[in-house]
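*Asks:* Here's a structure for you.
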Amino acid sequence: MPRIKTKRTKAAPDGFDKIQSTLADFDLQLKEVQDQDASKLKAKANEGTWKVLRITHERSRYIYSLYYKRKAISKELYTWLLREKYADKMLIAKWKKRGYEKLCCLQCIQSAESNSEGNTCICRVPRSVLEKNSKDGVVTFTRCVHCGCTGCASTD
Amino acid sequence: MVRFWREHKTPDGSKYYYNIKTKQTTRERPVDFTDQEVEKKKTRLQENRQSVVFSLDVINGWKLILCQDGSRHYRHDRNEKLLDDVDDETCKELLAQLDQGKLNQLSEAAKSRYNNSGSRLYEEIVDAIAKIRNGPEEAAEGAAEEGTEESDFPSLESQSSAEEDNLIAGYGTSDDESDDRDDTDDDVNNNGNDQAGTDAISGSENFKKLFESYSLDPFSTWKLQSRKIQDDPNFYTVHKDSSREQIFEEWCADQCKGAENSVDAVGESSIESESELDSDTLEPTKYHYLSHIISKSAIGPTTLAKDIRGEQKGLFKQYKIKDTLNGKAQEAFISKLLFYYKKLDDSQRVDIFEKFLHIKTKIIKRGLRNCEKLREILSSSLPEEAFAIETQLLEMEDCIDIHGINRSLQEDVQYYVLGLKPKTTAMRAWFSKELDVSS
């Protein structure tokens, strides 16, 4: 979530007007998702957060690609966006590392928080490995518990 | 031809006949029923013989039809009938340019329906026609090249029946499909991939053109922007959404680079113009911008200096008043100047300005320099644009050396009682008068 604008908030640097409409659309999507009722089923309890996480991930990715891939925004605007929390700067820091180019969320690489002791999340395992290790080539894994990621290994 | 008699079966399995027109029912076979059957069979046979295998779009709505018996016919879009000849000159010319040997081969292929080379030949000829249509010179070369290149390797469509493919004009297989096929022949695979590669490059170029035609926002996400163009048929020339997104990202990077360059160019030019001004020492006077702001703002009888500073915050920032004057100096000058604006109307202020210049005539003449330039300015008419007017004013000020010997002039409030335009006109009038006297 972006920070709430107050009087003390610094004015956005030049070029913000160009990306403002897209960011507004992301906001709209988030609002839509947050307004939806959560499922009463225990098995689907996490799915509401998955949607939110997906949109924030997309927004982070958008700002990351704007600065690093398209080189469309200035350094000042990029740091301002990070400070105003339009993007998750910890996640972007991971994306710059090799092997983490498509990482879905930070929780998925923290071994302490994983269900299986001492390992990262199953969504980090490449699809090919999952297929190899499974019986008769059928992969039962669909989405991870943390963020609903369907697989974020760099090789996928 | 309508068939009146219908054959049906009763629940116990025996046949009976029913006439749909007269609503007669009979267990005996009607006489005209058999006739119909025979006739139908005959026509069917004929149709079969005449059945269209290849249909080539030529030009102006004309189609070249190759039938299963190997015969060639022509058909126009407007009537359904097959004709043996064309009555269109351009079409005839085009047909004459086509490779006759290849057409003969194709009609041979049409005869033997399950010959696989047919579909390839068909595509070649379609390409050749398109080339002739685009540019008559290229056509012969292109056709010849293609002939040597592609004559010997087998068709990709070998799995599907030729009959099916032939009738579908302009169907291009996606690279996925060709990859998915279990092609055992390596050469075919390589060729296919090469083609896919070149196709992908030209395809992405076309796809980028699509972005431009829909004027997509290069600062937005693919998910949003794709909604704008997804109704266009060309959107589906690229098959995978991931590759579409990739092309979009490339395009965005290009666009942003272009935009940056243009911004740089603008920046440089503005810097250049500034430096030009600097070289001419066209520096504004001390209160130049402040007086300009005041002349622009609405002034009532109760207006105070701080009101003006509050209202015109944007202009203060734009002209960077803070950099040259501190808050106290600003306020002092504004309140002094406000007196003139509140108490006097425009013509009175013009009088004051002229009087001021008259008093200072001696001082001004002392600092007079660049008389030729001043004359030049005076001989030209007053420009239209605000910027040009300002430049002229600054040039005139430069001519009286307002930053050198006559520095005292720009400290006086009375020098600023007019806005830019009236000030420039007043200056011009005064100068022309004085210069005439002096020269």
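*Asks:* Note the direction-averaged projected area, equal to a quarter of the hull surface, for the Cα convex hull of segment A:16-96, in nm².
*Replies:* Result: a mean projected hull area of 6.0 nm².
*Asks:* Among the listed pairs A:LYS10/A:LYS85; A:LYS18/A:LYS71; A:LYS85/B:LYS223; B:LYS360/B:LYS433, which are separated by more than 18 Å between their Cα atoms?
*Replies:* Violating the 18 Å Cα-Cα cut-off are A:LYS85/B:LYS223.
*Asks:* Rg/Rh for segment B:326-380: what does it come to with C-alpha atoms and Rh from Kirkwood?
*Replies:* 1.13
*Asks:* Largest first and in whole Å, what are the equivalent-ellipsoid semi-axes of segment B:215-257 based on the Cα gyration tensor, each being the root of 5 times an eigenvalue?
*Replies:* 17, 12, 9
*Asks:* Please state the relative contact order of chain A as a whole percent: Cα pairs under 8 Å, 6+ residues apart?
*Replies:* Values: 155 pairs, mean separation 32.3, N = 156.
Relative contact order for chain A comes out at 21 percent.
*Asks:* Largest first, please: the extent of the C-alpha atoms of segment B:358-429 along each principal axis, to the nearest Å.
*Replies:* Taking the Cα atoms of segment B:358-429, the three principal extents are 30, 27, 19 Å.
*Asks:* Next question. Counting other C-beta atoms within 10 Å, which of B:ARG27, A:ARG54, B:ARG407, A:ARG8 has the fewest, and how do the rest follow?
*Replies:* Values: B:ARG27 9, A:ARG54 17, B:ARG407 13, A:ARG8 5.
Listed from fewest to most nearby Cβ atoms, that is A:ARG8, B:ARG27, B:ARG407, A:ARG54.
*Asks:* Related question: Under the √(5λ) rule applied to the eigenvalues of the Cα gyration tensor, what semi-axes describe the equivalent ellipsoid of segment A:98-155? Give them in Å, descending.
*Replies:* One finds semi-axes of 18, 13, 10 Å for segment A:98-155.
*Asks:* If you look at just the Cα atoms of chain A, how large are its Rg and its Dmax in Å?
*Replies:* 17.8, 61
*Asks:* Okay, moving on. State the three equivalent ellipsoid semi-axes of segment B:280-429, derived from the C-alpha gyration tensor as the square roots of 5 times its eigenvalues, in descending order and whole Å.
*Replies:* Values for segment B:280-429, descending: 26, 16, 15 Å.
*Asks:* Here is a further query. Taking only Cα atoms and a 10 Å spring cutoff, compute GNM fluctuations for chain A and point out the largest among A:SER65, A:SER74, A:SER134.
*Replies:* Top of the fluctuation ranking is A:SER134.
*Asks:* Still on this model: Just name one of A:ILE73, A:LEU91, A:GLY48: the one whose Cα is farthest towards the positive end of the charge dipole of segment A:45-91 (beta-carbon charges, Lys/Arg +1, Asp/Glu -1).
*Replies:* Final value for the positive-end residue is A:ILE73.
*Asks:* Under 22 Å Cα to Cα from B:LYS343, which lysines show up? Leave out anything in the same chain fewer than 8 places away.
*Replies:* Partners within reach: B:LYS296, B:LYS306, B:LYS355, B:LYS421, B:LYS423.
*Asks:* Give the residue from A:PHE141, A:TYR64, A:ILE109 lying farthest towards the positive end of the charge dipole for chain A; charges sit on Cβ (+1 for Lys and Arg, -1 for Asp and Glu) and the dipole is referred to the Cα centre.
*Replies:* So the residue we want is A:TYR64.
*Asks:* Dipole size in debye (nearest 20) for chain A around its Cα centre, Lys and Arg Cβ +1, Asp and Glu Cβ -1?
*Replies:* Charge dipole, chain A, about its Cα centre: 520 debye, nearest 20.
Since every read-out is calculated from the coordinates, none of them should be taken as a lab result. Quick caveat: nothing in here was measured; it's all calculated off a predicted structure. FYI the Cβ positions are ideal-geometry reconstructions off the backbone, even for glycines, and counts take in every protein chain you see.
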